[in-house]
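To start, the structure itself, in structure tokens.
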Amino acid sequence: MKITFPHMGPVLIYKKLFERLGHEVIMPPRPSQRTIELGAKYSPEFICFPFKIILGSYLEALELGAEVIVTTGFIGACRAVYYGDLSERILRQLGYKVKVIVFDSPAEDFQGFLRNCREIGNRRPLPEVIGNLNLAIRLIYASDYFQKQITHLRPYELISGTFSRKWTEIQSLLASCVSLKHLKKVIKEARQIIAAVPIDISREILKVGLVGEIYLVMEGCSNNEIEEKLAKFGVEVVRKQYISNWFNHFLFPPRKLLRAADTYLKYTVGGHEKENIGYILEFKKRGFDGIIHLLPFGCMPELVTQTIIPALATDLDLPILSLSLDEQTGWVSNMIRLEAFVELLWTRHDLLKENCNGKVICRR
Amino acid sequence: MNRGQKKLKIGIPRTLFSSYHLTYWRQMITLSGMEAILSEESSKETAERGGRRLPHEFCIPIKVFIGHILNLLDKGVDQILLPRMITKGKANFFCPKLIGLPEIVRFTTCLGTERMFSPEIVCDGLGLRVIKLPDLDPAMSRRMKTAARQANEDCKGVLTKCRTQRLTLPEATGLFKIDRSGERLNIGLLGYAYSIYDPFISKKILEKLYKLGCAVTTWEMLEPGLIERNLAGLKRPLFWNFGRMLLGAGLSFIDDSGIDGLIYATAFGCGPDSVATKILSIEAGLRQKPLLLVNLDVHQEDGHLRTRLEAFTDMLAALKEERVV
């Protein structure tokens, strides 16, 4: 089977998993302007932005010859539930003979989950499948670990763009990994690569938390590499949403985090809104300078968060910037808003540091 | 409650959930000895007042809803009805914005929770069930439980009336009366009750269709069994309670040769509809059924809508004549 999947998170590792199970993998091209345009052309007008990107990347992968799409789903009130089914309908209508395999949560549909596993397992013996799955999951955890390291160190880099280049290097290193033993070696190598990058750790930086809709937060190509852009302004961007984190929360729901959000939103609405409120509260506790909240235009759960955000910002005395993104890729207006936001954070930072009550200071 | 004591005034916003279950709420509140006060019909002002309080990308029904809340506060009600919409089971999810409604109201209008009357409810798209009443004294909650039972009966009665006499919801509750003279076409009209029966949001689409000589069929005139049967054919049924009723009704309209064409009226920025209309339009395309998608927004001008409805009905009439010849 020629398999493809949505471009989300560490795609090279998914490729590796499917290849080791004996499938041919058509890599979804990294979403570009063309992907978004293609997706927006065939999607319903008011569906959320991530669907448009994902549909666009399916279309590009189908052009390259993919036959089967593997994706995840769940049961809930968010539109993400229908991504698999809706994209299959649209692609069929366009004349592609494509099959979409949707992995629902095993807790909700165990039979369907097993059937899907058998299909993806490609008649390989069970221990081999589990071994490959184990390796893939460990690789995902490793990849997320290094990504966290890199976003942490990026604002300190002396030559701008070094870490982004090293990140691609590390990704291909991880993707070349063949066994758990090899993984240890690879991790060591990756550590050395990061340690070798020249940095200036004495630099003064700001810390900003990134929360919002999971696809926009995780995928650099959908948020125009907001982490790299902010790093250039001397801002470290911290986010909690990674695939590994998603696994963890799926297995062990973060009760403490959700309980902290209860004062603002008692019931879950359907997406990650409660977690996001919890993250904002946690970031405040850790002394962050500000929060950036990303949501796709018209996102149903995140709009509920957005109504709560003004109250949160006042209660916590924390600047929060909400950015709503869609297929209009002109990024200049957002850039101006980000610059203004960072400028405001610097002023606040200086005022707090020098403890001059109310006196206006200009930084530069 | 003592006789001498003043009756508690509960405000019912006349949109969103009460467009579906106005009878239920009004009966439940009045029968349990409180006074039900309805907000005024929505107008341009309602939508504008509400829209100013919300992030701009919210859908029109929520903006109108906040306007209704502000209107009720002007009227000096004691509490406002804001049911907590809970999901139980697989197929009765509310739209996320409806689930978060008490929070949206709390953070945009600064209404304290003590002024919200929030029973917890579940709904399967037709009737609704109160699963938890707010904390009240025992006598009151007993009275409210019997009132709820009675209200449920009345609510069911309204839906049966819709089905047997082929009436729309507002017609069955007597809020809306129109003489239907010519019936040259039979149109399947789809859309949430709070959009297509709201005089402001819908721009009186129902009246316009009647004036064009059309008979209108809506989801409430269909047997629930028929709707479910159509939904069962889908690989993944819709999980939103109100949305799935519309999709099921739409799919049965597509099969029904007595229906000449479908009109789906959706509000700008409606999330569930973006999925449902796509599925419906693909199905309608496959089975060659005329379908008109109308996007309603806060613009006052209704000339465009009239032109599109006229063009659509003329086309359907021509198609019908062609078939006869």
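When residue B:201 is tested against (1) in a loop (DSSP other than H, G, I, E, B); (2) more than 29 Å from residue B:98 (Cα to Cα); (3) touching a residue at least 24 places away in the same chain (Cβ under 8 Å), only condition (2) is not met.
Look through region B:204-219, keep the residues that are closer than 16 Å to residue B:254 by Cα, touching a residue at least 40 places away in the same chain (Cβ under 8 Å) and of a type outside the set (A, V, I, L, M), and return whichever of them is surrounded by the fewest Cβ atoms within 10 Å (Cβ to Cβ). It comes out as B:217.
Being in contact with a Phe, Trp or Tyr (Cβ under 7 Å, 6 or more places away or on another chain) and farther than 24 Å from residue A:2 by Cα: is that true of residue A:170 here? It is true that residue A:170 is in contact with a Phe, Trp or Tyr (Cβ under 7 Å, 6 or more places away or on another chain) and farther than 24 Å from residue A:2 by Cα. Of all residues in region A:310-324, those satisfying the criterion of being in a strand (DSSP E or B) and more than 16 Å from residue B:54 (Cβ to Cβ) are A:320, A:321, A:323.
Only one entry of B:273, B:260 meets the criterion of being modelled with pLDDT of 90 or more and within 10 Å of another protein chain (Cβ to nearest Cβ), and that entry is B:273. Scan region B:98-105 and tell me whether some residue there is away from every other protein chain (no Cβ under 13 Å) and either within 30 Å of residue B:43 (Cα to Cα) or crowded, with 24+ Cβ neighbours inside 10 Å (or both). Checking region B:98-105: not a single residue is away from every other protein chain (no Cβ under 13 Å) and either within 30 Å of residue B:43 (Cα to Cα) or crowded, with 24+ Cβ neighbours inside 10 Å (or both). Residues that are within 14 Å of chain A (Cβ to nearest Cβ) and not polar (S, T, N, Q) do not occur anywhere in region B:222-229.
A count restricted to region A:67-85 and to residues that are in a loop (DSSP other than H, G, I, E, B) and within 14 Å of chain B (Cβ to nearest Cβ) stands at 6.
In region B:204-294, which helices (runs of 4 or more DSSP H) lie fully inside it and hold 1 or more residues that are of a type in the set (Gly, Ala, Ser)? Helices (runs of 4 or more DSSP H) meeting the threshold: B:224-232, B:241-255, B:271-286. Against the conditions (1) more than 14 Å from every other protein chain (Cβ to nearest Cβ); (2) within 22 Å of residue A:233 (Cβ to Cβ); (3) in a helix (DSSP H, G or I); (4) more than 18 Å from the chain's Cα centre (by Cα), where does residue A:329 fall short? Just the number, please. With (1) more than 14 Å from every other protein chain (Cβ to nearest Cβ); (2) within 22 Å of residue A:233 (Cβ to Cβ); (3) in a helix (DSSP H, G or I); (4) more than 18 Å from the chain's Cα centre (by Cα) applied to residue A:329, the lone miss is (3).
Quick test of your reading of the structure: residue A:135 fulfils all but one of (1) touching a residue at least 24 places away in the same chain (Cβ under 8 Å); (2) surrounded by fewer than 20 Cβ atoms within 10 Å (Cβ to Cβ); (3) farther than 29 Å from residue A:63 by Cβ. Name the failing condition by number. Here residue A:135 clears every test but (2).
Looking only at residues of region A:99-125 that are under 16 Å from residue A:5 (Cα atoms) and under 23 Å from the mean Cα position of the chain (by Cα), we find that the one that is surrounded by the fewest Cβ atoms within 10 Å (Cβ to Cβ) is A:103.
Conditions tested, residue by residue: (1) part of a helix (DSSP H, G or I); (2) assigned by TED's automatic domain parsing to the domain that holds residue A:325; (3) closer than 28 Å to residue B:98 by Cα.
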residue	(1), (2), (3)
A:31	no, no, no
A:36	yes, no, no
A:47	no, no, yes
A:59	yes, no, no
A:65	no, no, no
A:87	yes, no, yes
A:91	yes, no, no
A:100	no, no, no
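Out of A:287, A:298, one residue alone is within 14 Å of another protein chain (Cβ to nearest Cβ), at pLDDT below 95, in a loop (DSSP other than H, G, I, E, B) and more than 20 Å from residue B:106 (Cα to Cα). It is A:298.
Looking only at region B:19-38, decide whether some residue is under 14 Å from residue B:201 (Cβ atoms) and not assigned by TED's automatic domain parsing to the domain that holds residue B:174. Within region B:19-38, one or more residues are under 14 Å from residue B:201 (Cβ atoms) and not assigned by TED's automatic domain parsing to the domain that holds residue B:174.
Here's the yes/no breakdown for (1) part of a loop (DSSP other than H, G, I, E, B); (2) in contact (Cβ under 8 Å) with a residue 12 or more places away in the chain; (3) surrounded by fewer than 20 Cβ atoms within 10 Å (Cβ to Cβ); (4) of a type in the set (Asp, Glu):
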| site | (1), (2), (3), (4) |
| --- | --- |
| B:41 | yes, yes, yes, yes |
| B:46 | no, yes, no, no |
| B:49 | no, yes, yes, no |
| B:62 | no, yes, no, no |
| B:67 | no, yes, no, no |
| B:72 | no, yes, no, no |
| B:76 | yes, yes, yes, no |
| B:80 | no, yes, no, no |
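Has region B:131-144 got any residue that is crowded, with 19+ Cβ neighbours inside 10 Å and not assigned by TED's automatic domain parsing to the domain that holds residue B:301? Yes; the residues of region B:131-144 include at least one that is crowded, with 19+ Cβ neighbours inside 10 Å and not assigned by TED's automatic domain parsing to the domain that holds residue B:301. None of B:183, B:171 is touching a strand residue (DSSP E or B) at 6+ places or on another chain (Cβ under 6 Å), over 22 Å from residue B:86 (Cα atoms), modelled with pLDDT under 90 and charged (D, E, K, R) except B:183. The helices (runs of 4 or more DSSP H) found wholly in region A:171-283 and carrying at least 2 residues that are within 13 Å of the chain's Cα centre (by Cα) and touching a residue at least 60 places away in the same chain (Cβ under 8 Å) occupy A:214-218, A:226-232, A:243-251. Among the residues that make up region B:7-30, is at least one of them part of a helix (DSSP H, G or I), more than 25 Å from residue B:94 (Cβ to Cβ) and at pLDDT 90 or above? Looking for residues that are part of a helix (DSSP H, G or I), more than 25 Å from residue B:94 (Cβ to Cβ) and at pLDDT 90 or above, one finds at least one in region B:7-30, hence yes. Among the residues of region A:292-319 satisfying the criterion of being β-branched (Val, Ile, Thr) and over 19 Å from the mean Cα position of the chain (by Cα), which is farthest from residue B:271 (Cα to Cα)? Among those that are β-branched (Val, Ile, Thr) and over 19 Å from the mean Cα position of the chain (by Cα), it is A:314.
The values are calculated or read from the model by the stated rules, or taken from the named source; none is laboratory data. Only a predicted model underlies this, so the values are computations on that prediction, with no experimental measurement involved. Because the Cβ atoms are built from the backbone with ideal geometry, glycine has one as well, and the counts that use them run over all protein chains shown.
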